[in-house]
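> This is the structure, below, for whatever I ask next.
The values are calculated or read from the model by the stated rules, or taken from the named source; none is laboratory data. Predicted model only: the values in this text are computed from it and were never measured. Cβ: placed from backbone, ideal geometry, glycine included. Neighbour counts: every protein chain shown.
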Amino acid sequence: MPIEPPPTRWDFPTPDNLAGGDLVGQGADLEPGTILAAYRHGIFPMPVQHSGPMAWWSPERRGILPLARLVVSRSLRRSCRNFEIRVNTAFDQVIEACADPRRPGGWITREIIEAYERLHELGWAHSVEAWTPDGKLAGGLYGVAIGGFFGGESMFHRERDASKVALVALVNMLREAGDADQRLLDLQWCTPHLASLGAIEIPRAEYFDLLKKALSLPLPPAFGGPLPPQ
């Protein structure tokens, strides 16, 4: 089970007093307790630039992937048979690959990497990895799990469909934990790529309703939670 860190010294806005726009604050720190408090308030950190204060976001139109809506094409289904799925065996490699500065639109700074590695050590941040039969890391994703909530942060691939295969595996893990209709897979913003896999946008108020329900659920077994009743 994850280890609860010391509480944050910062106050995050509640759903009732969030300002308009996606950006809701700047500053604070990236201590484990601060990041977890943010997620529990529907907020996540993402720098605007590689220097300056940290930015905190709560999109007015939130991207999520309802587990029942995942789109698995015939070709993706075939690709799923080409990789071995592992969990938390190469977290550092996954986040470093996601932070590769050669990737367009890269936003993951060294400060973010170190913060999420600390969360991983405490049992809150997780990687889902796709490996080739000859033992090479082909792709994966990482994010934060709190109860029935999983906040997806980033994904990468080195071989075709590898990141999508990791996403399919993540959805299956969340489904198998039980109460699939109440679990929340948060994608922050809905891009055209994610929409092709079934992601949708919902209003912020609806997101907070889903978040409250999801946080009350047990952690999936894949991430250290209890096995669901048979």
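> Conditions first: (1) aliphatic (A, V, I, L, M); (2) at pLDDT 95 or above; (3) crowded, with 17+ Cβ neighbours inside 10 Å. V71 passes all but one, so which condition is the exception?
Here V71 clears every test but (3).
> Let me ask something else. Quick one: count up the residues across the stretch 119-142 that are of a type outside the set (D, E, K, R), without any contact (Cβ under 8 Å) to a residue 60 or more places away in the chain, surrounded by fewer than 23 Cβ atoms within 10 Å (Cβ to Cβ) and under 27 Å from E31 (Cα atoms).
So the count comes out to 1.
> Which residue pairs have Cβ atoms under 8 Å apart, sit 6 or more places apart or on different chains, and have a first residue in the stretch 151-164 that is assigned by TED's automatic domain parsing to the domain that holds T191 and at pLDDT 95 or above and a second that is of a type in the set (F, W, Y) and assigned to a helix (DSSP H, G or I)?
G151/Y39; E153/Y116
> Take the stretch 187-197 and flag every residue that is assigned to a loop (DSSP other than H, G, I, E, B) and crowded, with 18+ Cβ neighbours inside 10 Å.
From the stretch 187-197, those assigned to a loop (DSSP other than H, G, I, E, B) are 189-191, 196-197; that's our starting set.
Within the stretch 187-197, C190, L197 meet the criteria.
> Something else about it: Output the number of the condition that I146 fails; it satisfies all remaining conditions of (1) surrounded by 23 or more Cβ atoms within 10 Å (Cβ to Cβ); (2) under 20 Å from E4 (Cα atoms); (3) aliphatic (A, V, I, L, M).
Of (1) surrounded by 23 or more Cβ atoms within 10 Å (Cβ to Cβ); (2) under 20 Å from E4 (Cα atoms); (3) aliphatic (A, V, I, L, M), only one is false for I146: (1).
> G42 versus (1) under 15 Å from the mean Cα position of the chain (by Cα); (2) closer than 22 Å to L194 by Cβ; (3) in contact (Cβ under 8 Å) with a residue 60 or more places away in the chain; (4) part of a helix (DSSP H, G or I): which is the lone unmet condition?
(4)
> Looking at I3, I35, which one is surrounded by fewer than 19 Cβ atoms within 10 Å (Cβ to Cβ), at pLDDT 95 or above and β-branched (V, I, T)? Before you say what the answer is, go through the steps one by one.
Details: I35 fails: surrounded by fewer than 19 Cβ atoms within 10 Å (Cβ to Cβ).
Going through I3, I35 in turn, just one is surrounded by fewer than 19 Cβ atoms within 10 Å (Cβ to Cβ), at pLDDT 95 or above and β-branched (V, I, T): I3.
> Report yes if some residue within the stretch 64-71 is in the same structural domain as V171 (by TED's automatic domain parsing) and of a type in the set (K, R); otherwise report no.
yes
> Quick one: in the stretch 1-39, which of the residues that are in a loop (DSSP other than H, G, I, E, B) and of a type in the set (F, W, Y) is farthest from E117 (Cα to Cα)?
Within the stretch 1-39, the first condition is being in a loop (DSSP other than H, G, I, E, B), and the residues that meet it are 1-14, 18-22, 27-31.
Narrowing the set further to residues that are of a type in the set (F, W, Y) leaves 10, 12.
Working: W10: 21, F12: 23 Å.
The extreme case among them is F12.
Results for (1) surrounded by 16 or more Cβ atoms within 10 Å (Cβ to Cβ); (2) in a strand (DSSP E or B), shown as yes or no for each residue.
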| residue | (1), (2) |
| --- | --- |
| S163 | yes, no |
| D179 | no, no |
| L185 | yes, yes |
| I202 | yes, yes |
